[in-house]
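Structure record follows, encoded as structure tokens.
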Amino acid sequence: MKNTSDEKICSIVCGSKCCRSTPPALTKEDFNKIQANTEQKRWFRTINEKDSIRVVGKKENLIDCYFLSENGLCCIYENRPLDCKLFPLFVKIKHEGEKEYSLRWYVWYCPLTKKKGIEELLQKAETIVHDYLVVKPEIMFDYQNVMCESGGYKKKHFLKEELLTIKSND
Ligand code: SF4
Ligand code: SF4
């Protein structure tokens, strides 16, 4: 589920398919943010006890994400997991040196990629990733870890690789 200008494509054209299929993986920050902002206690499930990998749970007897509303929108939009913020794009990150990262981008083709075009989505996703790498790079590595553990990178299509240098005044 994307921002309000994408709502029509996501909820009407697509039928919120991504929010009804694979559960989003949660970074520690995602988990703490949602936990602090919801009264619900059964909204997540743990899929790896040892590493405490968590994903958003599904509604009882349904395949829908716990936070998908009746009208096909996200009830926790401001606090949605990073996995959802980047979707339908995915990124793998490697630390190449001080303030230098290589990013490998992947995509899941869906109505949004067709209607919006990859470039616009990529621009937004790059800004999100860049901002995390400036202030809290550990969150991007936590994202990568939970995506690997939850199988989130599976069956995604490689898009491009780029080198990102964080400038000292960023
Ligand atoms: S699969 Fe794509 S078009 Fe459908 S709800 Fe998710 S992001 Fe939107
Ligand atoms: S948290 Fe929100 S955006 Fe993410 S899958 Fe659930 S309903 Fe969709």
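The table that follows gives values for the structure above.
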item	result
Candidate lysines - alpha carbon under 22 Å from K92, same-chain residues fewer than 8 apart omitted	K2, K28, K124, K136, K154, K155, K156, K160, K167
Order by protection proxy (mean Cβ within 10 Å, highest first), peptides 151-158, 69-76	69-76, 151-158
Per residue value of the accessible surface for region 4-165 (all protein chains in place, 1.4 Å probe), Å²	57 Å²
The chain, relative contact order [Cα under 8 Å, separation at least 6], %	25 percent
Under-5 Å amide H pairs with I47, H placed in peptide plane, nonlocal only	I53, R54, V55
Loop GluC sites (Glu not before Pro), region 71-170, which have at most 14 other Cβ atoms in a 10 Å radius of their Cβ (DSSP)	E98
Where labels lie 7 Å past Cα in the beta-carbon direction, separation of K8 and K59 in nm	2.5 nm
J(HN,Hα) series, region 77-90, from Karplus relation 6.51 cos²θ - 1.76 cosθ + 1.60, nearest Hz, glycine and proline x	3, 5, 10, 4, x, 4, 3, 6, 5, 8, 3, x, 9, 9
Calculated diffusion of region 116-162, Stokes-Einstein form, Kirkwood radius summed over Cα pairs, 25 °C and 0.890 mPa s, µm²/s	203 µm²/s
Sparse-neighbour loop sites [trypsin sites (Lys or Arg not before Pro); region 1-102; at most 14 other C-beta within 10 Å; DSSP]	K41, R42, K50, K59
Nearest-20 debye value, region 24-113 charge dipole, Cβ charges on Lys, Arg, Asp, Glu	160 debye
Evaluated over the chain, the Cα radius of gyration and Dmax, each in Å	15.9, 51
Dipole in debye (nearest 20) - the chain, about Cα centre, beta carbon charges: Lys, Arg +1; Asp, Glu -1	640 debye
Theoretical gain in end-to-end length, C148 to K116 [0.36 nm per residue, Cα-Cα removed]	8.8 nm
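The values are calculated or read from the model by the stated rules, or taken from the named source; none is laboratory data. If you're wondering where the values come from, they're calculated on a predicted model, not measured in any experiment. Positions of Cβ are backbone-derived with ideal geometry, glycine not excepted, and every protein chain shown enters the neighbour counts. What goes into the accessible areas is simple: the full protein's heavy atoms, side chains included, and nothing from ligands, DNA or RNA. Shrake-Rupley method; radii C 1.70, N 1.55, O 1.52, S 1.80 Å.
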